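Student: Pasting in a structure now, in structure tokens, and then I'll have a few things to ask.
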Amino acid sequence: MAIERRRLLVTGVVQGVGFRPFVWRLAAEHRLGGSVANLGDAGVEIQAEGETAAVEAFARDLVEKKPLLARIESVRAESLPPRGETTFEIALSRRGGDGMGSLPPDVATCPACLSDLRGQTRYLGYWATSCTDCGPRFTVVESLPYDRQNTSMSDFPLCPACSVEYTSPADRRYHAETTACPACGPGLAFDGSPKRAIERAAEALLEGKVVAVQGIGGTHLACDATNAEVVSTLRSRLGRPGQPFALMATEDVLPRIAHVSEAEWAALRGPDRPIVVLRSHPGALPDGIAPGLHTIGVMLPYTGLHDLLFACLDRALVMTSANLPGRPMLIEPSELRSRLVGIADHTLVHNRRIVARCDDSVRRWSGGTLKFLRRSRGHVPEPIPIDLGEDPILALGPETDVTFAIYARGAVTLSQHIGSVDNLETYAYLRQAVDHLSQLVHARMPRVVTCDLHPRFLTTRLAEEIAQASGARLVRVQHHEAHLASVMAEYGLDRAVGVVLDGYGYGRDGEAWGGEILLANDGRIRRVGSLAPVRLPGGDLATRHPLRMAASYLLAGGTGPEEAEAFLQGRGMAADEAYAVRLQAEGTMSAPWTTSAGRFLDAVSAWLGVCAERTYEGEPAMRLEAVAASGRPIEVPIRFAEQNGRRILDTVALFRDLAALRRETSAADVAATAQDALARGIARLAVEAAAVAGIRVIALSGGVSYNDAISAAVRHEAERAGLRFVTNERVPCGDGCVSLGQVVIASRAVGDGESGECRCVPTPTAYPVAP
């Protein structure tokens, strides 16, 4: 009988996920001796001794049967001399790297814990039940290592019964740092009283009231999603006239309100429990849930609190973030009571401190790919392994939909969703979040700080301050180049033609880019194509009032000045403003140029009468997509031109053709045609650029690529040409990916970082292939 001893070093997310007790139980099953210990950043060390066949079976099961939250990146094995050990123990943790390990994200309550809170156990009805397979992590931890004393659970000493489970390797709550029970854990209160808190909250919701419900990473404003009156009331109180509300519903209720495919069910049921954008059933819910859209965003219950609440309800709830427009989500009970006066009728809050805000993640199937619209709860702070050298890098992102990113020791960690950093409150939240995540990843002193090329962003100002204070090098990165670099990083590419479609990015010429063909080759990114440039009348005013963009396209396409002014006045614009818009669009008054794909779609939306005023980011284009969903694209000419050394998709001529088409067909067909022609035209430019450069990959990024029809059409054109099509999957396509791209480009920056002359792209061996 051959006996051997084997040392296994396991790396990845293997701490704080019940990995050591899993190994202990697995070793007992295979009758092995030895030990298991955390080594901090170096991973988990296992020494297993026994019969050779048992050791081999143990090593195989280690990967195949790993805990739910574990992510194994590598297992390195070496043989050791046998010691004759027949018992297996969990040894004390010791440092084996530069820090104390990585941290898994917050995840949904597991089935076992749900069974406990529903059954005849001491956890019956306890809202904060969790174990090593579930519950909060990122939102409660203050510092690493991930031990109870370093979390907000340190406020709740374990009772004797919980202490027994916490110290028993055979129990699934062994070293589950958030474990607690009604006797020792956090409490819940409805309007300050713990008596029947959840039942009273459910009663208030059924009575048509708005309830602020505090969760694991923030607070939701909840109301009955089937009650049109309370939905309208909540909109009015919040000052959100059009932004769609997120919903929460059980698996029984969800099919009543939306179409759900098998792939969408899989996304909804994942441990991250994201909001998934689904096609809604017309008339199933009040129009005020998602005004003017054909989709709704829905998530399943993901905490014990949610499960207990929905046990009292038989309908979907609005579950929208409790924040004032443009401000960070509220998390302190005192804040909720003071700042939600006149908004929430009641509060359902707990006394466990939320250390880090973390919004719900949002995902959507688009163009055949499950994409992140927002990557936050359930995914942060999962690292993305990328070898970019030794220097720690901090990337601050753009201005809207901000995530920041930190590179340290072979991995990039993206932050939770921060939001639009255009006010002091969100700016302060960003600074706080940078400090917190920097501490968790042990990168408090970056050697490189990188930001957007735009000189007036608050994120740029923060980057300058941090670089000056730390003595770090500052690198400014062009917005769309960062988009492309983020996709290339996901797929390990060193060459690609990028199609970047979004609303706005500060161009290298100082103009507003947004519909771009970029060529990444030989360590450089070059702009080789774009949409036709048109004037942006009033600058930022044109993004909020897309009628201005419609006038710009009309005038550029040959419509007479008087006719353009009459169009604007006919849509409700005052005569003096219409005259000023005309002068700006003609260039008589100062107005920047833009090649933005988002502004083109805004113009079509406004001209068709779909959306004349933007009340949230992307609204005109999203409403246009909803109208287009019931139409069919019609073949129209797609024209190209040369301008300033680059190829141009003539969207001015396209807009003129759409105007003529409207006289013959429906608004839905025109909307569908606009999306299809834009996508096919820009994709053909990309295919052409790829052929000239000898490149075989088309990479799509930018917020416009969330549009299902546009993303599918770009993919179709690329694959029809025999090219590989890739798009963001591990990070958002929108501006939430920019910080990843900034890190990548800054790591390869050449020239003076202050000048923004950063042209390098990834090397082919630097990145893992995306799954």
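The values are calculated or read from the model by the stated rules, or taken from the named source; none is laboratory data. Note that this is a predicted model, so its numbers are computed, not measured. All Cβ positions, glycine included, derive from the backbone under ideal geometry; neighbour counts span all protein chains shown.
Student: Counting only residues that are modelled with pLDDT under 95 and in a loop (DSSP other than H, G, I, E, B), how many does region 725-755 have?
Tutor: Count: 5.
Student: Being farther than 27 Å from Gly378 by Cβ and either buried (at least 24 other Cβ atoms within 10 Å of the Cβ) or of a type in the set (Ser, Thr, Tyr) (or both) is the filter here, so list the residues in region 691-709 that pass it.
Tutor: Within region 691-709, just Ile698 meets the criteria.
Student: Considering only region 252-272, how many residues are touching a residue at least 24 places away in the same chain (Cβ under 8 Å) and in contact with a Lys or Arg (Cβ under 8 Å, 6 or more places away or on another chain)? Before you say what the answer is, go through the steps one by one.
Tutor: Pass one, region 252-272, residues touching a residue at least 24 places away in the same chain (Cβ under 8 Å): 253-254, 256-258, 261, 263-264, 267-272.
Those left that are additionally in contact with a Lys or Arg (Cβ under 8 Å, 6 or more places away or on another chain): 253, 258, 267, 272.
Within region 252-272, residues that are touching a residue at least 24 places away in the same chain (Cβ under 8 Å) and in contact with a Lys or Arg (Cβ under 8 Å, 6 or more places away or on another chain) number 4.
Student: Which is out of contact with any helix residue (DSSP H, G or I) (no Cβ under 8 Å at 6 or more places or on another chain) and either free of Cβ contacts under 8 Å to residues at least 40 places away in the same chain or not charged (D, E, K, R) (or both), of Thr87, Thr129, Thr109?
Tutor: Thr87
Student: Ok, one more. Which of the residues that make up region 685-696 are in contact (Cβ under 8 Å) with a residue 12 or more places away in the chain and either outside any helix (DSSP H, G or I) or within 20 Å of Ala532 (Cβ to Cβ) (or both)?
Tutor: Leu685, Ala686, Val687, Glu688, Ala689, Ile695, Arg696
Student: To continue, here is another question. Taking into account only those residues within region 391-428 that are hydroxyl-bearing (Ser, Thr, Tyr) and within 14 Å of Val738 (Cβ to Cβ), which is surrounded by the fewest Cβ atoms within 10 Å (Cβ to Cβ)?
Tutor: Ser420
Student: Would region 206-225 turn up any residue that is in contact (Cβ under 8 Å) with a residue 40 or more places away in the chain, in a loop (DSSP other than H, G, I, E, B) and hydroxyl-bearing (Ser, Thr, Tyr)?
Tutor: Checked against the condition, which is being in contact (Cβ under 8 Å) with a residue 40 or more places away in the chain, in a loop (DSSP other than H, G, I, E, B) and hydroxyl-bearing (Ser, Thr, Tyr), region 206-225 yields no hits at all.
Student: Could you say which residue among Val487, Val499, Val528, Val475 is part of a strand (DSSP E or B), among the β-branched types (Val, Ile, Thr) and within 21 Å of Ala746 (Cβ to Cβ)?
Tutor: Val475
Student: Can you tell me which residue within region 114-173, out of those that are under 26 Å from the mean Cα position of the chain (by Cα) and polar (S, T, N, Q), is farthest from Ile198 (Cα to Cα)?
Tutor: In this case the residue turns out to be Ser143.
Student: In addition: Which of the strands (runs of 3 or more DSSP E) found entirely inside region 284-360 contain at least 2 residues meeting this: within 24 Å of the chain's Cα centre (by Cα)?
Tutor: 295-299, 317-321
Student: Looking for whichever is assigned by TED's automatic domain parsing to the domain that holds Val610, of a type in the set (A, V, I, L, M) and either over 30 Å from Glu399 (Cβ atoms) or part of a helix (DSSP H, G or I) (or both) here; the options are Ala699, Ala709. Which one fits? First the steps, then the outcome.
Tutor: On the way: Ala699 fails: either over 30 Å from Glu399 (Cβ atoms) or part of a helix (DSSP H, G or I) (or both).
Just a single option satisfies the conditions, and that option is Ala709.
Student: For a quick check of your reading of the model, give me the residue pairs whose first member lies in region 574-587 and is not assigned by TED's automatic domain parsing to the domain that holds Tyr553, whose second is at pLDDT 95 or above, with beta-carbon atoms closer than 9 Å and at least 6 apart or on different chains.
Tutor: Nothing qualifies.
Student: Give the residue, chosen from Cys131, Cys113, that is in contact with a Cys (Cβ under 7 Å, 6 or more places away or on another chain), closer than 30 Å to Leu348 by Cα and assigned to a loop (DSSP other than H, G, I, E, B).
Tutor: Sole residue among the options that is in contact with a Cys (Cβ under 7 Å, 6 or more places away or on another chain), closer than 30 Å to Leu348 by Cα and assigned to a loop (DSSP other than H, G, I, E, B): Cys131.
Student: Has region 53-66 got any residue that is touching a residue at least 24 places away in the same chain (Cβ under 8 Å), among the β-branched types (Val, Ile, Thr) and part of a strand (DSSP E or B)?
Tutor: Within region 53-66, none of the residues are touching a residue at least 24 places away in the same chain (Cβ under 8 Å), among the β-branched types (Val, Ile, Thr) and part of a strand (DSSP E or B).
Student: If you don't mind, there's one more thing I want to ask. Taking Gln432 as the residue in question, decide whether it is among the polar types (S, T, N, Q) and modelled with pLDDT of 95 or more.
Tutor: yes
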